[in-house]
Each structure stands twice: as C-alpha cells, then as structure tokens.
Amino acid sequence: MTEQNAKDNFRSYLATQGLKSTRQRDIILDEFLRAGAHLSTEELYLRLRGQHPHIGYATVHRTLKLFAECGIAEPCHFGDGQTRYESSAGEEHHDHLICTDCGAIVEFENPQIEALQESVAIQHGFRIERHRLELYGRCRDCQK
C-alpha cells in the first residue's frame, strides 16, 4: 500500500464510519507515515507536540486506533507493556529483532526463513495467511 493509498483508505474508512476527516487527523497521519518507525501513542504525541501543541494525547491515541481498524497500521506488542503501531503503507513483510535491554527494534527480511516457514506449513497441511516473527535478545550495544 502506498502512502497515498493509506491516506485514501483512511478517509474512506472515516466516511463509512460516519466520522469526520479533520485537519488534526491528517496531521497525525502525515507524521505517522513520515516516521517510518514502531511508535507508541506517547512517542507519536511527543513528535507532534512541538509544532502542533493543540493536538492532545487522547486524540493521538484514538487516531492510532482508527489507523489500525482501517488497516493502515499494525499494532505490535514487543513485551514491554506498550502497544506500538507500524505503518502498513509501502511495507513488504518483515520480521523483528527486539532488544530486551534498550528496546531497540530492528526489522529484517530473510527469504530462507520465509521459505522454511512455508515448507513447515505445507508439511502440516496448513496454509499461512499471515505471520509475525519476533526474536528477543540483546543488541550489539547492550552486549558490550
């Protein structure tokens, strides 16, 4: 999904839900898509606060939930008690390495892992519709 498709999908979703497309929601969406990271409500709010002090924390939180409901964001839970959101716009499938010390998140793609997962599914008569691979450990910096 491209960035423009994400914006169109969001506006369409709002219309079907009887919700208004507001300037605040557009600002939040633009920053979310620009960030290209796994953002919590707090992190996105802090990114917006400097230039847009009129946008409140609750508005950011509700808007992120709307992004997830319409399919332009994926909620992620990396074991630290926070929900982070990752954009679905322009993203190919990828997996994650999560540092249990500093919380760093590294995205990676590995065709051999993907092929192995598919092979295991076929062996068990299973058809994969979606999956998520998260590996937890300590990053290079935290190992020092």
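The values are calculated or read from the model by the stated rules, or taken from the named source; none is laboratory data. Just so you know, these numbers come straight off a predicted model, no measurement behind them. In this analysis, Cβ positions are derived from the backbone assuming ideal geometry, glycine residues included, and neighbour counts consider all displayed protein chains.
Observations on the structure shown:
- Subset of segment 118-142 (residues that are over 23 Å from Arg84 (Cβ atoms) and at pLDDT 90 or above): Glu118, Ser119, Val120, Ala121, Ile122, Gln123, His124, Gly125, Phe126, Arg127
- Only listed residue being among the charged types (D, E, K, R), in contact with an Asp or Glu (Cβ under 8 Å, 6 or more places away or on another chain) and part of a loop (DSSP other than H, G, I, E, B), chosen from Arg127, Arg132: Arg132
Residues checked against (1) within 27 Å of Thr22 (Cα to Cα); (2) in contact with a helix residue (DSSP H, G or I) (Cβ under 8 Å, 6 or more places away or on another chain); (3) at pLDDT 90 or above:
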| site | (1), (2), (3) |
| --- | --- |
| Leu64 | yes, yes, yes |
| Phe67 | yes, yes, yes |
| Cys70 | yes, yes, yes |
| Gly81 | no, no, no |
| Ser88 | yes, yes, no |
| His94 | no, no, no |
| Ile98 | no, no, no |
| Ile105 | no, no, no |
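- Going through (1) in contact (Cβ under 8 Å) with a residue 12 or more places away in the chain; (2) more than 24 Å from Glu134 (Cα to Cα) one by one, Lys20 falls short only on (1).
- Verdict on His77 being in contact (Cβ under 8 Å) with a residue 40 or more places away in the chain and under 18 Å from Leu135 (Cβ atoms): no
- Qualifying residue in segment 6-23 (condition: surrounded by 17 or more Cβ atoms within 10 Å (Cβ to Cβ), within 13 Å of the chain's Cα centre (by Cα) and at pLDDT 95 or above): no
- Of everything listed in (1) in contact (Cβ under 8 Å) with a residue 12 or more places away in the chain; (2) touching a helix residue (DSSP H, G or I) at 6+ places or on another chain (Cβ under 6 Å), the single unmet condition for His54 is (2).
Here's the yes/no breakdown for (1) touching a residue at least 24 places away in the same chain (Cβ under 8 Å); (2) farther than 23 Å from Gly137 by Cβ; (3) among the small types (Gly, Ala, Ser):
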{"position": "Gln4", "(1), (2), (3)": "no, yes, no"}
{"position": "His38", "(1), (2), (3)": "yes, no, no"}
{"position": "Val60", "(1), (2), (3)": "yes, yes, no"}
{"position": "Leu66", "(1), (2), (3)": "yes, yes, no"}
{"position": "Ser88", "(1), (2), (3)": "yes, yes, yes"}
{"position": "His96", "(1), (2), (3)": "yes, no, no"}
{"position": "Ile105", "(1), (2), (3)": "yes, no, no"}
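- Of all the numbered requirements in (1) among the hydrophobic types (A, V, I, L, M, F, W, C); (2) under 19 Å from Ala37 (Cβ atoms); (3) over 15 Å from the mean Cα position of the chain (by Cα); (4) in the same structural domain as Arg11 (by TED's automatic domain parsing), Cys102 misses one, and that requirement is (4).
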